[in-house]
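Colleague: Before we start, here is the structure in question, set down as structure tokens.
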Amino acid sequence: MSFPGSVLLSPKSVVTTTTVKRHRFGTRGQTTDGRVFRYAKAGATVTKGRIVTAKAQGDMAYDTNTAPYTDTGWTTTWNHIRLSTTWASPGGSTGVTKDLFADGYAWTGSTEGYGGQVVTIKSNTTGATSAASQFTVLTFQDESRWSADFDSETRIGVIMNPYNGVIVQAGGALPTTLRVIGVAPCTVASGSYFWLQTWGPAAVIQVSTNLAVGDVAVMSSSTGVARCTSTDVDVIPVIQNAPKIGYVLAPQTSDGDFMLLQLTIDP
């Protein structure tokens, strides 16, 4: 049983992790009480109650000025495309690992009529970046195809799914530099798959003792914790731009405790 476009989740399943992928990244899950989750993979250890972000943009996207590697993949009948891997790799990596772009996206960046096309990626082959003439084959999801033919001069962009390799927000990072995508309902080992909560009541680590019911919660510069407005004057300068994650339902009295927060990240 499932909601239209969603997976029906049990209370147990939202705190269960697996080492085997069972859904596409970003699949929406919902419990019968209305809490909403997205299917994700941990890029490092993710701790329960912490704010979780996607990787930095430079760690997800490959060169958006890349031409197709050969004369394959640029018509509406092709279910794949080959791209050179001699261009810059995300995060300083040395190659394209298998299925790095699974559930990700490829798009045409040209300004001509065939620009602005987006396809979803099902899988990709391994490709090295240390030698010339290396490539990766991107296979598209079923029925995902280019909507118009293009040529070898068209530039292709490729990006990972934002729910692939999620991380706990690093302490000290500016709150506006990373995309907040949810809160971890349980501790998750690096490389494991889990349901990341994005909407509804959630237990979240607080970083202030000056919290009140109804305060707006934002991502702080501490390690993935929620910080709120109210009388917390030292956070006022960043509140204007910090990502909003919800509002306080029930605060605690000490830093490091779990408060109950109404998440409003992604319904």
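For (1) more than 12 Å from Tyr163 (Cα to Cα); (2) among the β-branched types (Val, Ile, Thr); (3) touching a Leu at 6+ places or on another chain (Cβ under 8 Å); (4) outside the structural domain of Leu100 (by TED's automatic domain parsing), each residue gets a yes or a no:
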residue: Pro11; (1), (2), (3), (4): yes, no, no, yes
residue: Thr19; (1), (2), (3), (4): yes, yes, no, yes
residue: Arg24; (1), (2), (3), (4): no, no, no, yes
residue: Gln30; (1), (2), (3), (4): yes, no, yes, yes
residue: Arg38; (1), (2), (3), (4): no, no, yes, yes
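Colleague: A follow-up question, please. Answer yes or no as to whether Gln206 is assigned by TED's automatic domain parsing to the domain that holds Phe258 and modelled with pLDDT of 80 or more.
Modeller: yes
Colleague: In segment 184-203, which residues are crowded, with 24+ Cβ neighbours inside 10 Å and touching a Phe, Trp or Tyr at 6+ places or on another chain (Cβ under 9 Å)?
Modeller: If the condition is that a residue be crowded, with 24+ Cβ neighbours inside 10 Å and touching a Phe, Trp or Tyr at 6+ places or on another chain (Cβ under 9 Å), then Ala184, Val188, Phe194, Trp195, Leu196, Gln197, Thr198 are the ones that fit.
The values are calculated or read from the model by the stated rules, or taken from the named source; none is laboratory data. Everything numeric here is computed off the predicted structure, so don't read it as measured data. Glycine also receives a Cβ, built like all others from the backbone with ideal geometry; neighbour counts cover every protein chain displayed.
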